[in-house]
Amino acid sequence: MSDVPHIPPSISEPDRELSPTAHTAVSAPLDAASMRMKPGDYAFFIELTETLNTTLDLRTLLNRTAELIQKVIPYRIFAILLLDETSQELRMRFQIGHSPEVERMRIPLGQGVVGQVAKTRKAILLNDVSQAPEYIPANDAVRSELAIPLINKNRIIGVMDIESEERDYFREEHLHLLTLTASRIGQSIQNARLYARVTRQAQVLEVLNEIAVELTSILDLDKLFERIGLLLRRLIDYQMFSIMLIDERRQRLVTRFRWRFGQTALPGQWLPLDAGLVGAAIREWRVINVPDVHKDTRYHMINPETRSEMVVPLFYKNRVIGVLDLEHVRAGYFQERHERTLTTLAAQIAIAIENARLYQQVVRHEQQLERDLSMARQVQLRLLPASCPVHNHGEFAARFLPARAIGGDLYDFLEYDENHSAIVLGDVSGKAAPAALFAALVSGIMRSAAVQKPSPGQMLTQLNDALQERKLDSQYVTMLFALWNDENRTLQVANAGGIPPIFCRGGEVTAMHAEGFPLGMFPGVEYEEFSVATQPGDAFVFVSDGITDAENAQGEMYGTDRLTTFLCSHRSLPAVEIADAIFADVARFQGGKDRFDDETILVLRVR
């Protein structure tokens, strides 16, 4: 350690008598020769004043000050120590020639040479350190020392300390020169510290504002945790960081994010709610800041390198939901300003975490709902007929496209016997799952009644009576029920509020004025039947209102007129091709606009 100096302790009693060659205080009288300034001193003062007046960066200021002092006092060992008002300790903020061990020392006020200088506010010139009994020889090569207090507005802010390997190296003129400049240096250092503090506060406010804006927009928890860790690094230079959330069901703290020495670590560790410093922060509802965890019995070791730790509880709606846990390898690293910053930030972080957790719950529920709707759609498709009836004189086709995952339209073909098949098209009020469930109910009742082979009017009456017995508020169904007789090529139709069938013969449309109340609205309703004797080439189309009410970008509806015109121009096509062509024409008309209703088409073409 030949190059490692000591920061010597002061004489414990300031008025102790010392050899004139061993100790001199600035309050001692200086002779005229020592006060006489050399020509080079003026240049030094001018250059120093210019540096102090133009530099606000603390590191630059200390470095330039050291360079200028070296021009008038050649040294190898130099340090400027600043006072931490909270701990009342002197800490090196700039040094030349000191070892890392000495640089990390904390000198309490009143201890050692620099501590005594700070306490008494008097300079000390120690010509021979071996003559000072309290001097601790941390560097055997050091022989003399000069320490000058730095004072600003009657407050001690630090000490400037120079050491030498030669005895009697420092002279009274050195003491006088540095004493003259010390107050100006102290004022500039304090200005730089204030500037740094204001700059740091501005940066903190900027980051806090950024966090407030950004965190609320992140709804993925893992991404949120990672972003919190990155943003906090801009405020506090921590070395280890964890976000732990309370598992209410298991009553424990679960680590959701970990960061160690520049790398993210695997989360998943958990602790009992009352364990360690994190448990204390939860119990006491306050920030826990421990300068040295090795001296705190509450400490639960996870990272063996940790010396200081700060735990900040996260509050949401008057309850603790977790903690932020910051750690550092240096003892006493976290300061009061860190506590203030994180306490302010913790509220925003807690809100962002809860928002993200609520969003994840919504996503999970939506995913479950999507799975349920997918299953319901599969069930609904199973209720639809797998194929169309096959007759000698009647050709059938069906097309169905729900507006959502599942729809409220229903259609069916009921085969009474080899010559009779029923055509059913219904539209349940509402959309999605409720409509599909009601459609399934109607379909079940209808298939049960089909065993009796009722006429169209009788079927609608039975369905209406059955739905009255199972009446649901605001639920009803419109329905067309037609019965095809393949033997004599006749079609019987009854209508319960549906769109009447469109009938095209020889290029002309014949209106079928079949009307009636929707099923399930009124009790005791009877339904009329209409019969049509068909001819080869006749084409019938049954559609739900999702076809006729389909809109384009201009808000125009597809309408019945367009449908009848299109049907007549395509009546010679097979039934399947007619259905496909109508679907394609409706899609072209909509031009990509979202569908708002189920679309169903049933086609009967007479051979």
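The values are calculated or read from the model by the stated rules, or taken from the named source; none is laboratory data. Quantities reported herein were computed from a predicted structural model and do not represent experimental measurements. A quick note on method: Cβ atoms are made from the backbone with ideal geometry, for glycine too, and the neighbour counts reach across all protein chains shown.
I need every pair where a residue in segment 199-211 that is under 15 Å from Arg340 (Cβ atoms) has its Cβ under 6 Å from the Cβ of a residue that is among the charged types (D, E, K, R) and not in a helix (DSSP H, G or I), sequence separation at least 6 or different chains.
Here the result reads Val207/Arg234, each pair linking segment 199-211 to a residue that is among the charged types (D, E, K, R) and not in a helix (DSSP H, G or I).
Restricting to segment 362-420, what's the tally of residues that are among the acidic types (Asp, Glu) and within 32 Å of the chain's Cα centre (by Cα)?
Within segment 362-420, residues that are among the acidic types (Asp, Glu) and within 32 Å of the chain's Cα centre (by Cα) number 3.
Out of Ala466, Ala450, Ala433, which single residue is surrounded by fewer than 24 Cβ atoms within 10 Å (Cβ to Cβ), more than 22 Å from Asp597 (Cβ to Cβ) and touching a helix residue (DSSP H, G or I) at 6+ places or on another chain (Cβ under 7 Å)?
Answer to the check: Ala466.
Please tell me if Glu206 is assigned to a helix (DSSP H, G or I) and either outside the structural domain of Glu67 (by TED's automatic domain parsing) or in contact with a His (Cβ under 8 Å, 6 or more places away or on another chain) (or both).
Judged against the criteria, Glu206 is a match.
Go through segment 108-135 and give me each residue that's polar (S, T, N, Q), within 24 Å of Leu180 (Cα to Cα) and surrounded by fewer than 22 Cβ atoms within 10 Å (Cβ to Cβ).
Residue satisfying the conditions is Thr120 alone.
Restricting to segment 239-248, count the residues that are farther than 20 Å from Ala347 by Cα and assigned to a loop (DSSP other than H, G, I, E, B).
1
Please go through (1) crowded, with 20+ Cβ neighbours inside 10 Å; (2) touching a Pro at 6+ places or on another chain (Cβ under 8 Å); (3) not aliphatic (A, V, I, L, M) for Gly497 and return the number of the only condition it doesn't satisfy.
Single failed check for Gly497: (1).
What number of residues in segment 534-562 are in contact with a Phe, Trp or Tyr (Cβ under 9 Å, 6 or more places away or on another chain), small (Gly, Ala, Ser) and assigned to a loop (DSSP other than H, G, I, E, B)?
So the answer is 2.
Return a yes/no flag: does segment 136-149 have any residue that is surrounded by fewer than 17 Cβ atoms within 10 Å (Cβ to Cβ), under 26 Å from Val72 (Cα atoms) and in the same structural domain as Glu67 (by TED's automatic domain parsing).
There is at least one residue in segment 136-149 that is surrounded by fewer than 17 Cβ atoms within 10 Å (Cβ to Cβ), under 26 Å from Val72 (Cα atoms) and in the same structural domain as Glu67 (by TED's automatic domain parsing).
Please work out if Tyr169 is at pLDDT 85 or above and not basic (Lys, Arg).
Yes; evaluated as a whole, the condition is true for this residue.
Tell me, which residue of segment 563-573 that is buried (at least 17 other Cβ atoms within 10 Å of the Cβ) and not in a loop (DSSP other than H, G, I, E, B) is farthest from the chain's Cα centre (by Cα)?
Taking the candidates together, the pick is Cys568.
Go through segment 251-270 residue by residue and tally those that are among the aliphatic types (A, V, I, L, M) and either over 12 Å from Gly322 (Cα atoms) or not assigned by TED's automatic domain parsing to the domain that holds Glu309 (or both).
Going through segment 251-270 one residue at a time, the tally reaches 2.
If we scan segment 263-281, do we find a residue that is of a type in the set (S, T, N, Q), in a loop (DSSP other than H, G, I, E, B), over 21 Å from the mean Cα position of the chain (by Cα) and farther than 28 Å from Lys223 by Cα?
Scanning segment 263-281 turns up no residue that is of a type in the set (S, T, N, Q), in a loop (DSSP other than H, G, I, E, B), over 21 Å from the mean Cα position of the chain (by Cα) and farther than 28 Å from Lys223 by Cα.
I'd like the full set of residues that are in a helix (DSSP H, G or I), under 23 Å from Gln335 (Cα atoms) and not aliphatic (A, V, I, L, M), limited to segment 94-118.
Pro100, Glu101, Glu103, Gly115
Can you pull out every residue in segment 339-390 that is more than 30 Å from Val311 (Cα to Cα) and in contact with a strand residue (DSSP E or B) (Cβ under 7 Å, 6 or more places away or on another chain)?
The answer is Leu384, Pro385, Cys388, Pro389.
Does Gln201 qualify as being within 29 Å of Ala79 (Cβ to Cβ) and more than 16 Å from the chain's Cα centre (by Cα)?
It is true that Gln201 is within 29 Å of Ala79 (Cβ to Cβ) and more than 16 Å from the chain's Cα centre (by Cα).
Considering each residue of segment 519-533, count those that are surrounded by fewer than 21 Cβ atoms within 10 Å (Cβ to Cβ) and part of a loop (DSSP other than H, G, I, E, B), and give that number.
The total comes to 8.
For segment 336-375, how many residues are aromatic (Phe, Trp, Tyr) and exposed (fewer than 12 other Cβ atoms within 10 Å of the Cβ)?
Selection size over segment 336-375: 0.
Quick check on my filter: what residues within segment 59-93 are outside any helix (DSSP H, G or I), polar (S, T, N, Q) and within 40 Å of the chain's Cα centre (by Cα)?
Listed by number, the residues that qualify are Thr86, Ser87.
Conditions tested, residue by residue: (1) in contact with a Lys or Arg (Cβ under 7 Å, 6 or more places away or on another chain); (2) farther than 26 Å from Ala575 by Cβ; (3) at pLDDT 95 or above; (4) not assigned by TED's automatic domain parsing to the domain that holds Cys568.
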residue: Ile423; (1), (2), (3), (4): no, no, yes, no
residue: Pro434; (1), (2), (3), (4): no, yes, no, no
residue: Phe438; (1), (2), (3), (4): no, yes, no, no
residue: Gly444; (1), (2), (3), (4): no, yes, no, no
residue: Leu463; (1), (2), (3), (4): no, yes, yes, no
residue: Lys471; (1), (2), (3), (4): no, yes, no, no
residue: Asn485; (1), (2), (3), (4): no, no, yes, no
residue: Ile499; (1), (2), (3), (4): no, no, no, no
residue: Gly507; (1), (2), (3), (4): no, no, no, no
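Would you call Glu163 surrounded by 18 or more Cβ atoms within 10 Å (Cβ to Cβ), outside the structural domain of Ile302 (by TED's automatic domain parsing) and either within 29 Å of Arg106 (Cβ to Cβ) or not basic (Lys, Arg) (or both)?
Criteria met by Glu163.
Listed residues Thr478, Thr490, Thr510; which is in contact (Cβ under 8 Å) with a residue 40 or more places away in the chain, hydroxyl-bearing (Ser, Thr, Tyr) and over 20 Å from Leu410 (Cβ atoms)?
None of the others qualify; the one that does is Thr490.
So, in segment 92-115, exactly how many residues are under 15 Å from Ile162 (Cα atoms) and either of a type in the set (Phe, Trp, Tyr) or in contact with a strand residue (DSSP E or B) (Cβ under 7 Å, 6 or more places away or on another chain) (or both)?
Count: 12.
Would you point out which residue out of Ile243, Ile211, Ile189 is assigned by TED's automatic domain parsing to the domain that holds Pro304 and buried (at least 20 other Cβ atoms within 10 Å of the Cβ)?
Ile243
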